[in-house]
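S.K.: If you scroll down you'll find the structure; I have some questions about it.
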Amino acid sequence: MKKIFIIFIFSFPGMLFSQEQQNISLQQCLKKAAINYPLADQKELLKTANKLGQQINQTAFYPKFVLNGQVSYQSEVTAFPIQLPNVNMPQIDKDWYKLNVDISQLIYDGGLINKQQELDQSNTNIEIQSVEVELYKVEEWVKTAFFNILLLNENKKIIELLQHELNEKLKSISSAVSNGVMQASNRDNLMAELIKIEQSIEEIELGIDISTHSLSVLTGMPLNLAVIFEPPPMMVKPDHEINRPENKLFDLQMSKIGVLKELTDLKRRPVLMGFGQLGYGRPGLNMLSNDFDPYYVIGAKLSWNILDWGKVKKEKKSLDLKNQIIQKSKDAFNLNVELLLNRKESEIKRLESLIDKDGQIVNLKKNVAATASSQFENGVITATEYLLEKNAETKAMMDFQLHKIQLLSAKIDYQYALGNLINNFNDDL
């Protein structure tokens, strides 16, 4: 019998779980994986970090208090160059002492801080959407492991049917060999084929165990070999709208460019600050006094960059170019998705055509195998000839199941490529 090749998607070792039977659907696996995957928690962490950042930005509108202290000694102080008769001119000490509180309050910033908060929110949205893009890739891993299990289970059923039939055939042949009616080589050929079948079943069970464990790791569900994996419904929506998370990420990146352009304009607006100082020291504001005195200063400060030599204009032009680069990336991505959808549509048509013929092939191979079985029992053909036809029937049945599962997988892939996989499940269930 032709060796069965099994493609293993993951290489985790098998694990033992509870043998309680349960039904698992692809929809359940996708939803569980979206929650269980480590990056899923990152979205909430990003939201929390952004909320704290917004609160920090708001403190820019609060008054600021800074305590300053200073002790200094200077080599020279203010002195009068002339002496007046009968007038004692003050002598200022060279050691000075100051302790003051500086107060500042932002009065008007032209909306700069609010726009900065909008930019921070835009950055957070981009980071969250980047996580969504990564989580979308997990759907591909889950889908691949799930369909691998479906295919292996179907192959196992077919091979076990062959195993049962050959065991029954071996019983009758063994009797014929014992009675000298049939050569022992026919019995030995059947026994050798049964050993090969046992090897194939062991390989299939190992493949199922590996994929099941991989699915368990991705979803966080305690899956085992007793689980029944339910094939998803055949779904192909008539709409052709692309809802991929990558497109939303491109849109958010372009939206951020718009915020940056607005922020660039705001940097040219005037900024008005209020300030004040309360202090105590020697000297105070009266530089001619040699005593410790309290003092205060209040005022306002205006800052306005009235000439930037075209900097803002160039920055905005640079941002426009970046926006065009993002748009080109989005267009290229959507073009690739369209090409993928076209390939999937062709694959679906090809598989549907194959399945139409598969049913006919299986029926014909069953008839040939049945005739070969009768001829073998009557000694007309050898065990080798009989097994050749029986294996051809088994291969036809496995091809039939393979094409049906591939068709189902192709239709799921089509929805995955569109970005509508979960939405379609929600609509259908």
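S.K.: Among 222-229, 381-388, how do they line up by average Cβ neighbours within 10 Å per residue, starting with the highest?
M.R.: 381-388, 222-229
S.K.: Another question, if that's okay. Can you give me the span-like helices of the chain, meaning DSSP H runs with 24 Å or more of Cα extent along the axis and Kyte-Doolittle mean at or above -0.5?
M.R.: Numbers: long enough: 40-58 (29 Å, -1.12); 112-178 (98 Å, -0.29); 184-219 (52 Å, 0.09); 245-266 (32 Å, -0.17); 311-377 (94 Å, -0.74); 383-418 (51 Å, -0.25).
In the chain, the long hydrophobic H runs are 112-178, 184-219, 245-266, 383-418.
S.K.: Please list the non-local residues whose amide H lies under 5 Å from the amide H of G419, H modeled 1.01 Å from N, same-chain partners needing a gap of 5 or more.
M.R.: Under 5 Å from the amide H of G419 lie the amide H atoms of N243, each far enough along the sequence or on another chain.
S.K.: Residues with amide H under 5 Å of M182's amide H, sequence separation 5 or more or different chain, H placed in the peptide plane at 1.01 Å from N; which?
M.R.: It is V177, by chain and number.
S.K.: Measuring with a 1.4 Å probe in the full set of protein chains, what accessible area per residue, in whole Å², belongs to region 25-160? Provide the component values of the computation, followed by the final result.
M.R.: Numbers: 8090 Å² over 136 residues.
That works out to 59 Å² per residue.
S.K.: Note the full-extension length gain between L302 and Q55 as 0.36 nm times their separation in residues minus their Cα-Cα distance, in nm to one decimal.
M.R.: Numbers: separation 247, 0.36 × 247 = 88.92 nm, distance 2.58 nm.
Working it through step by step, the gained length comes to 86.3 nm.
S.K.: Further question: I'd like to know which of S216, G274, T59 lies farthest towards the positive end of the charge dipole of the chain, counting +1 on Cβ of Lys and Arg and -1 on Cβ of Asp and Glu.
M.R.: Of the options given, the answer is G274.
S.K.: Take N336 and N290, extend 7 Å from each Cα along the Cα→Cβ direction, and tell me the distance between the two endpoints in nm.
M.R.: Once both label points are built, they end up 8.2 nm from each other.
S.K.: Any lysines with Cα under 20 Å of the K390 Cα? List them, leaving off those in the same chain fewer than 8 positions away.
M.R.: K2, K3, K156, K157, K169, K171, K196, K357, K365, K366
S.K.: What lysines sit close enough to K311 to cross-link, taking a C-alpha to C-alpha distance under 23 Å and skipping anything fewer than 8 places away on the same chain?
M.R.: Leaving aside lysines fewer than 8 places away in the same chain, those within reach of K311 are K115, K256, K261, K267, K322.
S.K.: Could you tell me which residue out of V177, I103, N367 lies farthest along the dipole of the chain toward its positive end? Charges go on the beta carbon: Lys and Arg +1, Asp and Glu -1, centred on the Cα centre.
M.R.: I103
S.K.: With each label point set 7 Å from Cα along the Cα-Cβ vector, what nm distance links R282 and N179?
M.R.: Each label point lies 7 Å from its Cα, and together they span 13.3 nm.
S.K.: Please name which of Q27, N323, L150 has its Cα lying farthest along the dipole of the chain towards the positive end, using unit charges on Cβ (Lys, Arg +1; Asp, Glu -1) and the Cα centre as origin.
M.R.: N323
S.K.: How much solvent-accessible surface does Y296 expose, in Å² to the nearest 10, with a 1.4 Å probe and all protein chains in place?
M.R.: Counting only protein heavy atoms, Y296 exposes about 150 Å² to solvent.
S.K.: Something else now. Could you please put I306, I208, I195 in sequence from largest to smallest accessible area, using a 1.4 Å probe? Present the calculation step by step, with values, prior to reporting the outcome.
M.R.: On the way: I306 130, I208 10, I195 95 Å².
If we order I306, I208, I195 from most to least accessible, we get I306, I195, I208.
S.K.: Keeping all protein chains in the complex and leaving out DNA, RNA and ligands, what accessible area do you get for D308 with a 1.4 Å probe, in Å² to the nearest 10?
M.R.: Surface open to solvent at D308 totals about 30 Å².
S.K.: Sticking with this one: Between K311 and Q28, what is the FRET efficiency for a Förster distance of 51 Å, r being their Cβ-Cβ separation, to the nearest 0.05? Write out the running numbers ahead of the final one.
M.R.: Working: r = 56 Å, r/R0 = 1.09.
With a Förster radius of 51 Å, E is 0.35.
S.K.: Charges only on Cβ, +1 for Lys and Arg, -1 for Asp and Glu: so what's the dipole of the chain about the Cα centre, in debye to the nearest 20? All intermediate terms of the calculation are to be shown ahead of the outcome.
M.R.: Values: 48 positive and 53 negative charges, 269 e Å.
Charge dipole of the chain: 1300 debye, to the nearest 20.
S.K.: Could you check what % of the DSSP bridge pairs in the chain are antiparallel, to the nearest 5? Mind dumping the intermediate values first?
M.R.: Working: 32 of 35 bridges.
In the chain, approximately 90 percent of DSSP beta bridges are antiparallel ones.
S.K.: Tell me which residues come under 5 Å, amide H to amide H, from Y108 once H is placed; ignore anything under 5 positions away on its chain.
M.R.: L272
S.K.: Note the full-extension length gain between K248 and A370 as 0.36 nm times their separation in residues minus their Cα-Cα distance, in nm to one decimal. Walk me through the numbers before you get to the answer.
M.R.: Details: separation 122, 0.36 × 122 = 43.92 nm, distance 5.83 nm.
Using 0.36 nm per residue and subtracting the Cα-Cα distance, I get 38.1 nm.
S.K.: Along Cα→Cβ, 7 Å out, is where each label goes; now give me the distance between the ones at L321 and E241 in nm to one decimal.
M.R.: Calculated label separation equals 3.7 nm.
S.K.: Still on this structure, I have one more. Here are some values of Kirkwood radius over Cα pairs in Å: (1) 29.9; (2) 21.4; (3) 22.5. Which one was computed from this structure?
M.R.: Derived directly from the coordinates: (1).
S.K.: Rounded to a whole number of µm²/s, how large is the Stokes-Einstein D of region 182-228 at 10 °C and 1.306 mPa s, given Rh as the Kirkwood radius over C-alpha pairs? Spell out each step's value before the answer.
M.R.: Details: Rh = 12.9 Å.
D = 124 µm²/s.
S.K.: Further question: Taking the Cα centre of region 340-429 as origin and charging only Cβ (+1 Lys, Arg; -1 Asp, Glu), how large is the dipole, in debye to the nearest 20?
M.R.: On the way: 11 positive and 13 negative charges, 31 e Å.
With Lys and Arg at +1 and Asp and Glu at -1, about 140 debye.
S.K.: Which peptide among 23-29, 359-365 comes first, and what is the full order, when sorted by highest mean count of other Cβ atoms within 10 Å? Show your work: numbers first, answer last.
M.R.: Numbers: 23-29: 17.7, 359-365: 14.4.
Descending packing order for the listed peptides: 23-29, 359-365.
S.K.: Residues of region 211-364: accessible area per residue at 1.4 Å, in Å²? Let's see the in-between values first.
M.R.: On the way: 9460 Å² over 154 residues.
Here the residues of region 211-364 average 61 Å² of exposed surface.
S.K.: What is the magnitude of the charge dipole of region 58-180 about its Cα centre, with +1 placed on the Cβ of each Lys and Arg, -1 on the Cβ of each Asp and Glu, and no other charges, expressed in debye to the nearest 20?
M.R.: On the way: 10 positive and 16 negative charges, 76 e Å.
Its charge dipole is roughly 360 debye.
S.K.: Also, I was wondering about something else. For every other residue with a beta carbon closer than 14 angstrom to the beta carbon of E134, add +1 if it is Lys or Arg and -1 if Asp or Glu, then tell me the sum. Please report the intermediate quantities before stating the final value.
M.R.: Working: positive: K43, K137, R244, K248; negative: D41, E127, E132, E139, E140, E246.
Net charge in that neighbourhood comes out at -2.
S.K.: Compute the Cα gyration tensor for region 322-429, then decide on rounded, prolate or oblate, letting a ≥ b ≥ c be the square roots of its eigenvalues: rounded whenever a/c is under 1.5, prolate when a/b is larger than b/c in the other cases, and oblate in all that remain.
M.R.: Prolate, because a/c is 1.5 or more and a/b exceeds b/c.
S.K.: Give me the percent of the accessible area of the chain that comes from carbon and sulfur atoms, probe 1.4 Å, all protein chains in place. Could you put the intermediate results ahead of the total?
M.R.: On the way: 14270 of 25170 Å².
Carbon and sulfur together cover 57 percent of it.
The values are calculated or read from the model by the stated rules, or taken from the named source; none is laboratory data. Since the model is a prediction, treat every value here as computed from it, not as a measurement. For neighbour counting, all protein chains shown are included, and Cβ atoms are generated from backbone atoms with ideal geometry for every residue, glycine included. Note: accessible area is taken over every heavy atom of the protein model, side chains too, but ligands, DNA and RNA are not part of it. Shrake-Rupley method; radii C 1.70, N 1.55, O 1.52, S 1.80 Å.
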